[in-house]
Each structure stands twice: as C-alpha cells, then as structure tokens.
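Below is one structure, written out as structure tokens; comments come after it.
The values are calculated or read from the model by the stated rules, or taken from the named source; none is laboratory data. Remember, it's a predicted structure, so these values are computed and weren't measured experimentally. When we count neighbours, we look across all protein chains shown, and the Cβ atoms used for this are built from the backbone with ideal geometry, even at glycine. Ligands, DNA and RNA are excluded from the accessible area calculation, which covers all protein heavy atoms including side chains. Shrake-Rupley method; radii C 1.70, N 1.55, O 1.52, S 1.80 Å.
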Amino acid sequence: MMRVRFAPSPTGNLHIGGGRTALFNWLYAKASRGAFVLRIEDTDAARSRKEYLDEILQSLAWLGFNWDEIYYQSQRFDIYREHAQKLVSEGLAYIEKSEEGKEAIIFRVSPQKIKVRDLIRGDIEFDATTIKDQVLIKSDGTPTYNFACVVDDATMHITHVVRGDDHISNTPKQILLYKALGFNIPGFAHLPLILAKEGGRLSKRKGATAISEYRAMGYLPEALVNYLLLLGWSPGDNREIIDICEAISLFDIKAVNKTAAVLDLDKLDWMNNQYLKRTDAEKLADQLMPLLVEKKYIAQENYDRQYVVSLVQLFKDRLCVLNDFVDWADFFFLDNIAVDEEARGKFLSTDLSKEFRLFIEKLEKLEIFDIIHIEETFRELVQQLNIQSRALIHPIRVALTGKTVGPGLFEVIYYLGKERTKKRLMRWVTKEEAE
Ligand code: GLU
C-alpha cells in the first residue's frame, strides 16, 4: 500500500507552503487509496511549542486533510538511539566524546556518487565526496533531522516522500543512511518553490501568512485548497475551479511542475469569490454569526437568523472574503452609521429635503412593501420630479448606507424596512422642511 507523510515541525504556524505540501501528500494518498501519515517533528524541545502544534493540527483539520496516523518524534528517541547504535556496532558510525564527556554518534560518510530519482524533477546526481561525516545523535541525546527522518520514514513504511524543494540537498545524505541501515529507499517528489508575485521568496509581507490567518480573514477552506492545488499542478485544460473530489481522481504527482509556483493573492481573492458565490447563504451566515455577535451586530441569544441569511444572500456574490460582509453590511445592523466623507460631499451637499420627503410619503403609502413596489414608487417619484434616477439613487444610497457602493438600492430599502429608511432619510431633511 502506498504511504505518504507530512512532517511539520511545531516551531511555527502552518504557512501556505506547508499547506501545499500537506495537500499534495494528502491528495496523493487519496488518489491511490493509500495512507496519509502525520509526523510531528518535535525533536527540538527548546523551539517546539504546544500552541504551534495546536495551530498546525487545527489548520490541517480546517483544510480537510484528515490524517490516518499521527506520530511524535519526541516519543521515539529510543528508536533513533537503537538504530544509531546498530550502525556503531557495524562500524558504520562512531562515538565522539565532548570535553564534558558527552557522547555524540557520528555517521561515517564514504565517498560515492548518489543518484536521486525524483518523481517530479527526474534523476538528480549528487557527488557525495563533498558530504562530511554526519551527526546522527547529538551530544544532548537528540537525533538530527536527517537521521530521525530516515529512521521514521523507513520504520513507518513510507513509500513516497513528498516535500518542499528546500529539502533536496538533504536527500543524498538521507539516501546514504537508508543504505547503511539496510532499508529500502522510498520514492521522492520535491515540490517546486513558491515565490512571491513581486519576485523573491515569500515573506510575511508578501503573503506567506499562516493558514489560520487566512481562515480568520474569511477565506473559505475549499477556496484555499483549490488555490493551493494550482500552486504546482493543474488538471491540464486551463480550468481553475476544481472540486477536490475531482482533483483526487485526476491528480498525478508526476504531473507537478518543476518550475517555481507564484503566490498571487489577487487570484486567491478571485477564487474565494467564486466559491462564495457557489456556497449556500445559510452556511455562510452560520459561519459569520460568531463574528456578528463579537461586533455586537446581533445578540447571541436573540437574533433573526433568516434576516441574516437574506442579507448574506444579498452580498455574497460581491464578497472577496467572507469577513467583507462585516464592513459592507454594517448599516443593516447599526443605527449610527458612519457616512463616508467624500460621498457626503459629492451626493448630499445639496438640499434634497423636498425629494426625500416626497419619497418617504410615497413609501408610507405603500401597502405592499416589497422590492418591486419600492422600485415602482421610486420610478414614479423621479418622473413626477422630472429628474434622472441617478440624481436621487446615489444620494439616497449614501443617506441609507453611508457608502457609495453596495447591493441594489431597492433591496437595501426593503431589508432596512420602512421605519429605518424613513428615519435615515429624515436626517437629511432640513429643519424648516421637517416641521
Ligand atoms: N520537519 C521538516 C520540515 O518541516 C520535514 C521535512 C521532510 O518532509 O522531510 O521542513
């Protein structure tokens, strides 16, 4: 059976690159009905943190990459020592004593040429004459990355090592260890580097943000997974929206690009919008509820769920991230809406008391207060006043929402309701007129 592993170190959050490595491993396992093993590389006690571990596990679960088995290297020190000692007894490794009398175990590297068969990059030759003897177990008793990695991959029966390009230089050292320990060498697949759109390596500023931060910003996991998928692979027909089940049936590790992938956040936003459009408003509304409660837009125990769902429906096609809803739809929840200064100057600096008053009167008379009738009323009004619709549409919108853009005005009026519409328009009716 094919077995792959994802091996994060809990010394930091799960970032885009790690998410992509996890995805390709998970996908490869699913595509071949194999096992996806999660291995926590926590040998460095000083740098490993529980918070990072939790964050990594939560992010993987949120992305939907369920693991079949999980191991912690910190619980396997005896296994590493046993294997290192075996090499010492066979003369393939030796013990080095430090001045304080502490013992490290060192692997004797014999000069040779090593060929790595990489499923993505093809054959790569390394000249191991330049590789120095390798530490297996440090004098503090902890194993080195290369050694623990090989012992684990072999004893966990990993058939394919799929990881980032940055580990390519470790591969010949690891192959020497497989050979010395008498283990089978697994298949290797090194995923291309991810570069920033501006060029160069990813940094926080250039989008190398933790998966959990994308989650907090309101990206949908399906969209992020689809986006990660395209960082190095495509189904081959220029299609960009690929359902994960379909990806499982089409994915082939050999078809992964050799050249670096570029992280394009605009494209991620576009992708997220595509997924928001397709996602049920009810599901999105439920996802938003905690945030709306936190913002005090709604009360935890007492809110009109259907109303929120309708509003999400109204906005969802335009949202880039789900959380945009919080800023864009604020006027539906708050009474004291902030009016954009520029918009006020542009659309509300002339006195529209007469027009607003007439509109309010007409709305009040409406027996059926629905979107169609609201629109009819408005059309009547502009005809009566003999003005163009836009002379009034923008001012009304700014008065009601504080913004110049948003959903259709008649929908806005409908969902605000008669009373709130009236109140907000009245704020712009001058005193003398109002009397
Ligand atoms: N812990 C290593 C890392 O996070 C794993 C490398 C590997 O997959 O072999 O980069």
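Measuring nothing but how far apart in sequence close Cα pairs (under 8 Å, 6+ apart) lie, relative to its length, the stretch 140-227 scores a relative contact order of 24 percent.
Only helical DSSP H runs with n ≥ 4 go in: add -39500 (n - 2.57) per run for the chain, normalise by residue count and round the 222 nm mean residue ellipticity to 500 deg cm²/dmol. It would help to have the intermediate numbers written out before the result.
On the way: 18 runs with 201 residues, N = 435.
Taken over the chain, the calculation gives -14000 deg cm²/dmol.
Give the angle, between 0 and 90 degrees and rounded to the nearest 10, that separates the Cα long axis of helix 353-365 from the longest principal axis of the Cα atoms of the chain. Once rounded, the angle reads 90 degrees.
Note on the stretch 210-262: along the principal axes its Cα atoms extend 33, 25, 17 Å, ordered by decreasing extent. The calculated FRET efficiency for residue 362 paired with residue 197, based on their beta-carbon distance and R0 = 56 Å, is about 0.65.
Which pairs in the list 204/283; 86/138; 206/267; 173/254 are over 20 Å apart, alpha-carbon to alpha-carbon? Walk me through the numbers before you get to the answer.
Details: 204/283 30 Å; 86/138 16 Å; 206/267 14 Å; 173/254 23 Å.
Those over the limit are 204/283; 173/254.
Rolling a 1.4 Å probe over the heavy atoms of the protein chains gives the chain an accessible area of 49 Å² per residue. Take the Cβ atoms of residue 69 and residue 286, set R0 to 35 Å, and the FRET efficiency comes out at 0.65.
Residue 78 exposes around 120 Å² of accessible area when a 1.4 Å probe is run over every protein chain in place.
How much length, in nm to one decimal, is gained on full extension between residue 127 and residue 50, taken as 0.36 nm per residue of separation minus their Cα-Cα distance?
On the way: separation 77, 0.36 × 77 = 27.72 nm, distance 3.94 nm.
23.8 nm is the gain from fully extending residue 127 to residue 50.
Each residue, residue 383 and residue 2, gets one label point 7 Å from its Cα in the Cβ direction; the gap between the two is 6.7 nm. For the stretch 219-377, with all protein chains in place and a probe radius of 1.4 Å, 47% of the accessible heavy-atom surface sits on carbon or sulfur.
Since only 321, 186, 224 are under comparison, the one whose Cα sits farthest along the positive direction of the charge dipole of the chain, derived from C-beta charges on Lys, Arg, Asp and Glu, is 186.
Write down, largest first, the equivalent ellipsoid semi-axes of the stretch 255-370 in whole Å, where each equals the square root of 5 times an eigenvalue of the alpha-carbon gyration tensor.
Values for the stretch 255-370, descending: 36, 21, 15 Å.
Per residue, how big is the convex hull around the C-alpha atoms of the stretch 83-129? Give it to me in cubic angstrom, could you? Please list the in-between numbers first.
Working: hull volume 5.8 nm³, N = 47.
Per residue, the Cα convex hull of the stretch 83-129 comes to 124 Å³.
Using all alpha carbons of the chain, what is the percent of pairwise distances in each 20 Å bin, ordered from the shortest bin to the longest? In order of increasing distance, the bins hold 21, 39, 23, 13, 4, 0 percent. If you roll a 1.4 angstrom probe over the protein chains with everything in place, what fraction of the accessible area of the stretch 1-153 belongs to carbon and sulfur, to the nearest %? Solvent-exposed carbon and sulfur of the stretch 1-153 make up 47 percent of the total. Using every pair of separate Cα atoms, the Kirkwood estimate puts the hydrodynamic radius of the stretch 88-183 at 14.4 angstrom. Here's how it looks for residue 161: its modeled amide H is under 5 Å from those of 187, 188, 189, which are all 5 or more places away or on a different chain.
Scaled against the 2.2 N^0.38 Å expected of a compact globular protein of N residues, the Cα radius of gyration of the stretch 9-108 reads 1.39.
Considering all alpha-carbon pairs of the stretch 328-376, what whole percent are spaced by more than 13 angstrom? Across the stretch 328-376, Cα pairs with separations above 13 Å total 71 percent.
The residue among 57, 74, 144 whose Cα reaches farthest toward the positive pole of the charge dipole of the stretch 1-159, with charges on the beta-carbon of Lys, Arg, Asp and Glu, is 57.
May I ask you to derive the relative contact order of the chain, considering only C-alpha pairs under 8 Å and at least 6 residues apart, and to give it as an integer percent? Display every interim value, and only then the final one.
Numbers: 629 pairs, mean separation 55.5, N = 435.
Worked out over the chain, it gives 13 percent.
For the stretch 30-47, backbone nitrogen atoms closer than 20 Å to the point 7 Å from residue 100 Cα along Cα-to-C-beta are found at 43-47. Taking all protein chains together and rolling a 1.4 Å probe, residue 245 ends up with roughly 90 Å² accessible. Placing unit charges on the Cβ atoms only, positive for Lys and Arg and negative for Asp and Glu, gives the stretch 63-213 a dipole magnitude near 440 debye about its Cα centre.
Of all lysines in the structure, those lying under 20 Å Cα to Cα from residue 346, and not within fewer than 8 positions of it along the same chain, are 354, 403.
Suppose every K and R has +1 on its Cβ and every D and E has -1 on its Cβ; what is the size of the dipole of the chain about the Cα centre, in Debye to the nearest 20? Mind showing how you got there, number by number?
Working: 59 positive and 64 negative charges, 172 e Å.
Magnitude of the dipole: close to 820 debye.
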